[in-house]
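The values are calculated or read from the model by the stated rules, or taken from the named source; none is laboratory data. None of the values given here were measured: they were computed from a predicted structure. Don't worry about glycine lacking a Cβ; one is built from the backbone with ideal geometry, like all the others, and counts go over all protein chains shown.
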Amino acid sequence: MHRTYFTLLLVSSVSATFLSAESTVDCRVITGKTDECNLYSSRLIKAKEVTYDTDKQKLIVTKTLPVPGKKPKMKVVSVADMIEKYVKVEPSMRYRGSEDISGTATESKQVYMQGAALRRQREKIIAQTGMEKKKQALKRLEALNLAKAAEEKKRNQGFYTISGGDTLSTIAAKYGLKTKELRALNQLDKTAKIKVGSKLLLPFPQEMINAVATGEYKVQSDDTLISIARKFNLEPRLVAKFNDIKSTAIIRVGKIVQLPFAYRLKAMEAKKKAEAAKKKRAKSLARHKKARLIRRFGKHKLRVTATAYTSHGSQTDKTPFLAAWNNRIHPGMKVIAVSRDLLTRYGLRNGSKVKIAGLSGFYRVRDKMNKRFRKRVDIYMGLNRRRALRWGRRSVIIYW
């Protein structure tokens, strides 16, 4: 009961002290009708030490807060006053309704026109920017297409190295082109001359140009005889025949296939004809040379009938190895017997050297025949009766 009473006494004393101060409202509790407020709250009033009885502990220790000699006051200004003083509000054109705006019509019209001009300028700039972007995109696309076309053209073009004997017409025919097209592609005049070793541009891949130039193709992966023939516009059967293989044969990668182009077939045919003509000419020259050699031998020539004999008893007398004029003969010797008219009339003698057309070497006259024969020679063939029978009877020319 004693403690309660003391607390009420303390509150009464504090309240009396606060009420004795100047009657101003705290700034934390101002109202709409307040003109001024105190910056300091009531807790800043100096409080004296409060104690309990002597045998009790202190409830509040002496606490002193700074209290200004003269309490400052703050003037309270309403929001409406601040807006009227510091903010300039212009009337809205959109919600004026039927209000008379004649005084600001010209100015508003100018502002509107300026805004419209700015909008048009902005739209124009945007349109120009869009057109520039579109033009740049089109230019990039065109450049890309040109690059692709140039790359494709480069991939489908190659160079042919001119070799000996080549002309523009032969090169054009080899690749199935016209001479006019070849000149236009390489920018050549009609009077332009081509040199061995120089290069001509052709509208074909380099691989195909090399294959057509050499007539050979190196087999790649996935190649077949039919695909190779179609690649070069050839008949598979002709390609197989040209390479001496079957048309269904499997060809390995890396094999060299010979291509039967028209110019190769023509060149091979010409080569065969040239070889045949060369052989014929060589044979003719050999025959003429032999004839010249025969003609150059001696001063006389005569066509006679030639037979053959051997050293057998049925063809000679009892002395088969002993000829006329006591000439001893043996197999392997080149000896002839002549009719007697050749000895008396044409000037042949014992030991005369005679050349017989069609036989190699020279023969010697070592024997003579029976009196009944005329323009006859008998060729000695040793003991080879079969050879003599094969010879039989022939008409030959003898030179001496």
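If you go through region 320-331 and pick out every residue that is surrounded by 15 or more Cβ atoms within 10 Å (Cβ to Cβ) and of a type in the set (S, T, N, Q), you end up with 1. When LEU343, LEU383 are screened for being farther than 15 Å from HIS300 by Cβ and in the same structural domain as GLY313 (by TED's automatic domain parsing), only LEU383 passes.
Residue-by-condition table, conditions (1) touching an Asp or Glu at 6+ places or on another chain (Cβ under 9 Å); (2) outside any loop (DSSP other than H, G, I, E, B); (3) at pLDDT 90 or above; (4) exposed (fewer than 11 other Cβ atoms within 10 Å of the Cβ):
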| residue | (1), (2), (3), (4) |
| --- | --- |
| LYS318 | no, no, no, yes |
| MET333 | no, no, yes, no |
| ALA337 | yes, yes, yes, no |
| LEU343 | no, yes, yes, no |
| LEU359 | no, no, no, no |
| ARG372 | no, no, yes, yes |
| LEU389 | no, yes, yes, no |
| SER395 | no, yes, yes, yes |
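Considering the conditions (1) part of a helix (DSSP H, G or I); (2) in contact with a strand residue (DSSP E or B) (Cβ under 8 Å, 6 or more places away or on another chain), GLY254 is excluded by exactly one of them, (1).
Based on this model, can you work out whether LEU138 counts as at pLDDT 80 or above and either touching a Gly at 6+ places or on another chain (Cβ under 8 Å) or not in a loop (DSSP other than H, G, I, E, B) (or both)? So LEU138 passes the test. Scanning region 200-233 for residues that are over 10 Å from VAL257 (Cβ atoms), of a type outside the set (Gly, Ala, Ser) and either surrounded by 18 or more Cβ atoms within 10 Å (Cβ to Cβ) or touching a strand residue (DSSP E or B) at 6+ places or on another chain (Cβ under 7 Å) (or both) returns LEU200, LEU201, LEU202, PHE204, PRO205, GLN206, ILE209, VAL212. The single residue among ALA173, ALA147 that is under 30 Å from ALA213 (Cβ atoms), touching a residue at least 12 places away in the same chain (Cβ under 8 Å) and assigned to a helix (DSSP H, G or I) turns out to be ALA173. Could you tell me which of the residues ALA249, ALA276 is without any contact (Cβ under 8 Å) to a residue 60 or more places away in the chain, assigned to a helix (DSSP H, G or I) and surrounded by 10 or more Cβ atoms within 10 Å (Cβ to Cβ)? From the options ALA249, ALA276, the qualifying one is ALA276.
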